[in-house]
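Q: Got a structure here, written out as structure tokens. Questions coming.
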Amino acid sequence: MTLSDPVEILSGIGVETAKLLHKLNVYTLQDLLNYYPRKYIDYSKITKIEDLQPGIVSIKVTIDNLKSRYVRAGLHITEATASDATGRVKLVWFNQPYRAKSISPNKAYYVAGVFEFSGRNLSIVNPTLELVSAFPAHTARIIPVYKETKGLKSSTIRKALRQVIHLIDDNADILPAETVKSNDLVSHSAALQSIHFPDNQKKLDAAQHRMAFVELFELLLASRLIKQEIISSASPAIAFKKSIIDRLLHHLPYQLTNSQKIALWQIYKDLEKPHPMNRLIEGDVGSGKTAVAALAAAMAVSNGYQVAYMAPTELLAGQHFKTFSSIFKSVGKIQSVALLTAGIKTKNKKDVLENIKNGDVGCVIGTHALIQKSVEYHNLGLVIVDEQHRFGVNQRNALMAKSKLMPHLLTMTATPIPRSLALAVYGELDISLMKEKPSNRKPIHTATVPLTERTSFYKSLHKRILAGEQCFVVCPLIDEDESGALRSVNAVYKELRSIFSDCTVGLLHGKLDSFNK
């Protein structure tokens with residue numbers, strides 16, 4: 001028997017059981033060993049019957065007084081008495097008629113299950129039992145519980161694993177011996193043995209620590225390899241032009257924060273290199289990430305390269321289009337900014353596509369429309385992805401593939417990522433943190449208004465609107481869902497038009513024809 005053999009080779013694994021294992025992507029004995037438990041139940045503590053308390057229990061007993069009967073159609077009950085030197089306890093199985101024939105009186109058994117009320121009496125209901133003389137796989141130890149599928153229980157998986165656990169080979173360890181030793185890790189074989197059949201909690205903890213280490217090791221190694229591959233690729237070297245940034249900053253209606261200046265300088269230094277930038281800007285909403293992206297895009301366009309900025313929604317794409325247009329306008333001769341989304345008119349889209357193809361558009365802002373086959377770039381040098389976790393790797397790659405040379409990549413996120421996690425998950429990226437908020441940003445106050453106070457809240461809101469202030473009400477849905485658990489923007493719009501009848505109440509969402517135009 002070898003690890004490459006199919007699971008059908010095992011005793012108790014017939015054609016139908018094998019099909020169920022295949023549903024779990026378990027085809028070979030190697031797959032079976034790599035199918036880790038999702039949780040554990042601790043049956044390792046053997047309790048005397050006189051000390052039993054309601055809950056999960058494990059006892060060592062002999063069994064007698066077996067009774068098996070049908071109570072009514074569809075309900076069979078098997079009852080027995082379990083005894084040790086300290087007392088007796090009732091065992092009850094429902095719809096398991098084979099139990100009566102499978103139990104031998106006067107032999108020692110491990111029994112594990114839940115000690116609870118069955119009718120008016122405390123019993124162990126539907127317990128698992130094994131002979132003490134056999135290797136316990138389901139009782140008297142920490143029991144692994146696996147992800148199951150209909151018709152396949154964890155007990156079947158444990159029985160199969162018991163037949164292959166001896167095949168574990170320490171030579172298959174992917175970690176170098178010095179790494180195992182320096183990090184005080186258990187061996188590959190010991191970890192795998194304890195993951196499936198832990199002798200105690202200490203060995204299980206050590207095994208889980210080892211497995212977690214390997215997962216992080218693989219992530220970091222993959223990140224290093226990706227980073228090496230990126231560095232070996234060729235990208236356009238985009239020169240830093242001080243005159244351009246001076247003009248841009250002069251026309252900005254605000255001063256950049258120190259975080260923005262540092263991030264922007266890091267980006268400019270990356271763009272000058274002949275291999276691809278792969279940088280992530282991490283900063284809270286309102287920290288100025290879009291402004292930094294626009295200033296980076298302007299530098300690329302001033303060097304004759306095109307920029308593609310991919311936003312997760314049409315609404316955000318429209319907002320960024322206005323921001324970029326305002327910033328680019330101050331530079332004068334820099335080429336135009338265009339908006340490309342699925343919602344723009346066909347005639348306008350044809351014009352935009354033609355201008356992108358011939359290079360008349362320097363920066364194009366859009367959604368997934370940017371990666372469609374119909375979009376041909378003239379000289380794509382920089383790709384910017386907003387809220388990068390909203391896009392898959394294939395989508396980003398599809399956009400970056402639309403260039404003769406590998407374009408530089410700048411991604412952004414407002415999701416806080418701890419440094420240790422960022423190094424593990426985004427190890428191939430260089431990270432710029434933007435911790436500061438613009439000095440002119442108004443303070444934010446958050447409060448919860450109970451439903452019982454909604455009327456008085458609307459009255460105070462009404463006064464502020466009449467005083468010339470604006471109010472935005474954000475809803476999770478456009479239309480009502482069947483459950484009615486969440487408020488829709490259409491329903492709230494009708495409600496507020498009635499409440500604020502002397503005010504102008506507008507409606508804005510992504511499905512409006514006027515918005516998409």
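The values are calculated or read from the model by the stated rules, or taken from the named source; none is laboratory data. Here the structure is a predicted model, which means the values were calculated and not measured. Cβ sites come from the backbone with ideal geometry, for glycine too, and all protein chains shown count toward neighbours. Note: areas computed on protein heavy atoms with side chains; ligands, DNA, RNA excluded. Shrake-Rupley method; radii C 1.70, N 1.55, O 1.52, S 1.80 Å.
Q: Could you grab me the full set of residues in region 355-377 that are open to solvent by 40 Å² or more (accessible area, probe 1.4 Å) and over 36 Å from the mean Cα position of the chain (by Cα)?
A: If the condition is that a residue be open to solvent by 40 Å² or more (accessible area, probe 1.4 Å) and over 36 Å from the mean Cα position of the chain (by Cα), then Asn355, Lys357, Asn358, Asp360 are the ones that fit.
Q: Which of the residues belonging to region 327-354 are open to solvent by 40 Å² or more (accessible area, probe 1.4 Å), farther than 22 Å from Gly510 by Cα and at pLDDT below 85?
A: Correct list: Lys329, Gly332, Lys333, Gln335, Ser336.
Q: Now for a different question. Does Gln163 meet the test of being open to solvent by 30 Å² or more (accessible area, probe 1.4 Å), of a type in the set (S, T, N, Q) and within 29 Å of the chain's Cα centre (by Cα)?
A: No.
Listed here are the residues, each with its yes/no results for (1) in contact with a Lys or Arg (Cβ under 9 Å, 6 or more places away or on another chain); (2) of a type in the set (Asp, Glu); (3) closer than 22 Å to Thr411 by Cβ.
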residue: Ser182; (1), (2), (3): no, no, no
residue: Ala234; (1), (2), (3): no, no, yes
residue: Ile267; (1), (2), (3): yes, no, yes
residue: Glu272; (1), (2), (3): no, yes, yes
residue: Pro276; (1), (2), (3): no, no, yes
residue: Arg279; (1), (2), (3): no, no, yes
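Q: If you take the residues of region 487-509 that are among the hydroxyl-bearing types (Ser, Thr, Tyr) and surrounded by 13 or more Cβ atoms within 10 Å (Cβ to Cβ), which of them is modelled with the highest pLDDT?
A: Tyr493
Q: Which numbered condition trips up Ile41, out of (1) at pLDDT 95 or above; (2) under 19 Å from Ala112 (Cα atoms); (3) among the hydrophobic types (A, V, I, L, M, F, W, C)?
A: The one condition Ile41 does not meet is (1).
Q: Here is a follow-up. In this structure, does Ala298 turn out to be within 29 Å of the chain's Cα centre (by Cα) and not in a loop (DSSP other than H, G, I, E, B)?
A: So Ala298 fails the test.
Q: Quick one: how many residues across region 117-160 are open to solvent by 10 Å² or more (accessible area, probe 1.4 Å), touching a residue at least 24 places away in the same chain (Cβ under 8 Å), assigned to a strand (DSSP E or B) and touching a Ser or Thr at 6+ places or on another chain (Cβ under 7 Å)?
A: Within region 117-160, residues that are open to solvent by 10 Å² or more (accessible area, probe 1.4 Å), touching a residue at least 24 places away in the same chain (Cβ under 8 Å), assigned to a strand (DSSP E or B) and touching a Ser or Thr at 6+ places or on another chain (Cβ under 7 Å) number 4.
Q: To continue, here is another question. Within region 254-297, how many residues are buried (at least 21 other Cβ atoms within 10 Å of the Cβ), among the hydrophobic types (A, V, I, L, M, F, W, C), under 24 Å from Tyr377 (Cβ atoms) and touching a residue at least 60 places away in the same chain (Cβ under 8 Å)?
A: The total comes to 8.
Q: What's the number of the only condition in (1) under 30 Å from Ala263 (Cβ atoms); (2) surrounded by 14 or more Cβ atoms within 10 Å (Cβ to Cβ); (3) at pLDDT 85 or above that Glu436 fails to meet?
A: Looking at each condition in turn, Glu436 falls short on (3).
Q: Also: Going residue by residue through region 452-471, is there one that turns out to be modelled with pLDDT under 85 and either closer than 24 Å to Val505 by Cβ or not in a helix (DSSP H, G or I) (or both)?
A: No - not one qualifying residue is present in region 452-471.
Q: For Gln228, state whether it is out of contact with any His (no Cβ under 9 Å at 6 or more places or on another chain), outside any loop (DSSP other than H, G, I, E, B) and free of Cβ contacts under 8 Å to residues at least 12 places away in the same chain.
A: yes
Q: For the condition under 19 Å from Pro144 (Cβ atoms), touching a Lys or Arg at 6+ places or on another chain (Cβ under 8 Å), modelled with pLDDT of 95 or more and hydrophobic (A, V, I, L, M, F, W, C), what is the one hit in Leu32, Leu24?
A: Answer to the check: Leu24.
Q: While we're here: Considering each residue of region 1-20, count those that are farther than 19 Å from Phe197 by Cβ, touching an Asp or Glu at 6+ places or on another chain (Cβ under 8 Å) and not in a loop (DSSP other than H, G, I, E, B), and give that number.
A: Of the residues in region 1-20, 2 are farther than 19 Å from Phe197 by Cβ, touching an Asp or Glu at 6+ places or on another chain (Cβ under 8 Å) and not in a loop (DSSP other than H, G, I, E, B).
Q: Another question, then. Within region 197-234, count every residue that is surrounded by 14 or more Cβ atoms within 10 Å (Cβ to Cβ) and modelled with pLDDT of 90 or more.
A: 12
Q: Checking the conditions here, which among Ala190, Ala172 is touching a Lys or Arg at 6+ places or on another chain (Cβ under 9 Å), surrounded by fewer than 17 Cβ atoms within 10 Å (Cβ to Cβ) and either closer than 17 Å to Tyr36 by Cβ or among the basic types (Lys, Arg) (or both)?
A: Answer to the check: Ala190.
Q: While we're looking at this one, here's another question. Kindly check whether there is at least one residue in region 82-100 that is among the aliphatic types (A, V, I, L, M), exposed (fewer than 15 other Cβ atoms within 10 Å of the Cβ) and part of a strand (DSSP E or B).
A: There is no residue in region 82-100 that is among the aliphatic types (A, V, I, L, M), exposed (fewer than 15 other Cβ atoms within 10 Å of the Cβ) and part of a strand (DSSP E or B).
Q: Separate question: Restricting to region 360-375, count the residues that are farther than 21 Å from Thr323 by Cα, at pLDDT below 90 and not in a helix (DSSP H, G or I).
A: 3
Q: While we're on this one: Would you pick out the residues in region 63-81 that are surrounded by 11 or more Cβ atoms within 10 Å (Cβ to Cβ) and either of a type in the set (Gly, Ala, Ser) or on the phi < 0 side of the Ramachandran plot (or both)?
A: Ile63, Asp64, Leu66, Ser68, Arg69, Tyr70, His76, Ile77, Thr78, Glu79, Ala80, Thr81
Q: Please state which of the following conditions Ile59 fails to meet, knowing it meets all the rest: (1) modelled with pLDDT of 95 or more; (2) under 38 Å from the mean Cα position of the chain (by Cα).
A: (2) is the only condition that Ile59 fails.
Q: Next question, about the same structure. Which of the residues belonging to region 161-206 are over 21 Å from Pro136 (Cα atoms) and touching a residue at least 40 places away in the same chain (Cβ under 8 Å)?
A: Asp169, Ile174, Leu175
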